[in-house]
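This report concerns only the one structure given below.
Derivation of every value follows stated rules applied to the coordinates shown; laboratory data play no part. This is a predicted model, so every value here is computed, not measured. Here the Cβ positions follow ideal geometry from the backbone for every residue, glycine too, while neighbour counts run over all protein chains shown.
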Amino acid sequence: MKTLVLCVAVFAVPLLAQQRDFLTADEVDQIKEAQEPNARVTLYAGFAHERIELVKSLLAKEKPGRSLLIHDALEDYAKIIDAIDDVADEALARKVDIKAGLNAVAKAEGEALPILQKAQDSKPKDLERYEFVLRTAIETTTDSLEAAQEDLGKRTHDVEARNEREKKEQEAAMTPTEKAEKAKADKAAEAAKPQRKPPTLMRPGEKKQDQ
């Protein structure tokens, strides 16, 4: 029995580490309150900037234990950038104008990229302990910055094409039963939509006169 408990404990430690949230509790609350896409991606951009500033500060002075802090900050940063792209793509799919938010994202990422590249090029002594997440952060930032600076019309088209492709792939993987259930659900959702009233030239409150 003791062996079983020990095994569970051993496997539970890395599992808990994987479940670490990339946002603080306060940041999560701020994101929940920011329902509008521009406000949300701007918040995320600010959080990303804070992580980069932390990494910059940690790299400025060698001290024991900093490698773990750098690793976690870079890992959180990359996840924040992924979250930005997810929110942006979802907004574009709904035809929401997010130009203002993407401008804030491009500014934050444009400032972050040189700092990340300098960290990689300077080859600090403890680099091997966070080299992978640093490389991931650089690649993620590069891709996201290109997307933020891309023409919105083209990006919207690309998002729609990707969503349609993923939808077809999901449908192709469905069993006949799942396809039937989906068709039934789609039909019910369509029926539940409010019906549009036919157009009229009458003013509000005006009633049609009997002939």
Label-point separation in nm, residue 151 to residue 174, each point 7 Å along Cα→Cβ: 3.5
Once label points are set 7 Å from the Cα along Cα→Cβ at both residue 165 and residue 86, what is their separation, rounded to one decimal in nm? 2.0
Take residue 135 and residue 107, extend 7 Å from each Cα along the Cα→Cβ direction, and tell me the distance between the two endpoints in nm. 3.3
Note: residue 189 to residue 118 extended length (0.36 nm per residue) minus current alpha-carbon separation gives 20.3 nm
